[in-house]
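Single-structure report; data block below.
Nothing in this text is a laboratory measurement; each read-out follows from the coordinates by a stated rule. As the structure is a computational prediction, the values presented were derived from the model and not from experiment. Glycine gets a Cβ as well: all are built from the backbone with ideal geometry, and neighbour counts include every protein chain shown.
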Amino acid sequence: MGELLAREYAEAMPEVDFKLVDVVGSVAAINAIQRREADVGVAFADVAYEAQARLADHHDPTLGALRGMAALQVAPVHLVARAGAHVRDVLDLPGHRIGTGQESSGQERLAERIFDAYQLDRDVLDRVSIFPDAAAASLSKGAVDAAFLTGYYPLSPVSDAMRNGARLIPIDGSPVERLTREYPFLRRVVIPANTYPGQTDPIRTIAVDRLLVCRSDLDDALVYAMTRRLLESLPRMRSFLRTSLRMIDVEEASATPIPLHDGAARYYRERELTR
């Protein structure tokens, strides 16, 4: 998605030099923006919210403030158990090897919140750091018994794992009610039946918004132009990234849990006035 956005922006604004920064994951993207090593990035809403809150509580002059540009999509959490693993519920995870995403990633933080909601002791859980793209192979080979993956469905690693007999595990019940009350950027969603091979029932889980965020001190006119280009080019971009972008709700794009950048806010105000 970053490459596609960079191409879109470079075409629309040839006077601006757009470059891709080699970072992977929400935490790395937010760190790069706050350290002024990047100007714009994509991150899970919980990671952006917490980073902004920490900066407000403990002002660090070396770090820049974050601002929202757009809420891109809702990303459901998939908990996948390999074939043969005796995992039917989150409470069954102790005693199994669990893929929680890359170390210090947004995925890992989401998994930890789920462990806490179910009152599982993180210190005794056998957690394994894996790349999302390696999850299917890790499950099929038995390197992990279950894995967390977050993104809009259908996710390729989940589809690949389920073709080899893996199962989706619900994330539901009173622990989730507590979780969504404590973290308003998390919500309850349902992955429809038949989304994945062999999945005949709907799966209840949680989801988090994926945001486009930027440095607060970026030029207002530039952020205005970038926000406008993003939303106006969605029909064309969806043809390239159907899974990543097809669920972006233009009407809800301004609903970011961190303050909007003034340039983005101006675009949304004008759009509302011209409807």
For this session: Mind checking the full-extension length gain between D172 and S159? Use 0.36 nm per residue of separation minus the Cα-Cα distance, one decimal, nm.
Result: 2.5 nm
Problem set entry | Antiparallel DSSP beta bridges within the stretch 74-208, percent to nearest 5 | 75 percent
Seminar exercise, completed: Spelling it out for L211: with amide H atoms placed in the peptide plane at 1.01 Å from N, the residues 5 or more places away or on another chain with amide H under 5 Å from its amide H are A43, F44, A45, L72
For this session: Could you rank the peptides 144-150, 70-76 by their average count of other C-beta atoms within 10 Å per residue, with the highest value first?
Result: 144-150, 70-76
Seminar exercise, completed: Distance in Å, no decimals, from the C-alpha centre of the stretch 1-40 to the one of the stretch 73-112 is 29 Å
Exercise. Mean separation of Cα pairs under 8 Å and 6+ residues apart, divided by the residue count of the stretch 117-212: what relative contact order is that in percent?
Worked result: 25 percent
Problem set entry | Peptide ranges 161-171, 226-236 listed from the most packed, as the mean C-beta count within 10 angstrom indicates | 161-171, 226-236
Problem set entry | Karplus-derived 3J(HN,Hα), 6.51/-1.76/1.60, for each residue of the stretch 180-189, Hz, glycine and proline x | 6, 6, 6, 10, x, 7, 9, 9, 8, 9
For this session: Take the Cβ-Cβ distance between L91 and A53 as r, set R0 to 35 Å, and report the resulting FRET efficiency rounded to the nearest 0.05.
Result: 0.70
Exercise. How would you order 91-103, 202-214, 252-264 from highest to lowest mean count of nearby Cβ atoms within 10 Å?
Worked result: 202-214, 252-264, 91-103
For this session: With unit charges on the beta carbon (Lys/Arg positive, Asp/Glu negative), name the residue among S104, L186, A143 whose Cα is farthest towards the positive pole of the charge dipole of the stretch 74-208.
Result: L186
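Specify whether the C-alpha gyration tensor of the chain places it in the rounded, prolate or oblate class, a ≥ b ≥ c being the square roots of the eigenvalues: rounded for a/c under 1.5, otherwise prolate if a/b is larger than b/c and oblate if not.
Judged from the Cα gyration tensor, the chain comes out prolate (a/c at least 1.5, a/b above b/c).
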Exercise. How high is the relative contact order of the chain, given as a whole-number percent (alpha carbon pairs under 8 Å, six or more residues apart)?
Worked result: 28 percent
Problem set entry | Among beta bridges that DSSP assigns inside the chain, antiparallel share in %, nearest 5 | 80 percent
Seminar exercise, completed: Residue-ordered couplings for the stretch 88-95, obtained by feeding phi - 60° into the Karplus form 6.51 cos²θ - 1.76 cosθ + 1.60 and rounding to whole Hz (Gly and Pro as x), are 10, 8, 4, 5, 7, 5, x, x
Problem set entry | Potential extension, R181-E103 segment - 0.36 nm per residue separation minus Cα distance | 25.5 nm
For this session: Net charge near A71: determine it from the other residues with C-beta under 14 Å of the C-beta of A71, scoring Lys and Arg +1 and Asp and Glu -1.
Result: -2
Problem set entry | Rh (Kirkwood; distinct C-alpha pairs) - the stretch 74-208, Å | 14.5 Å
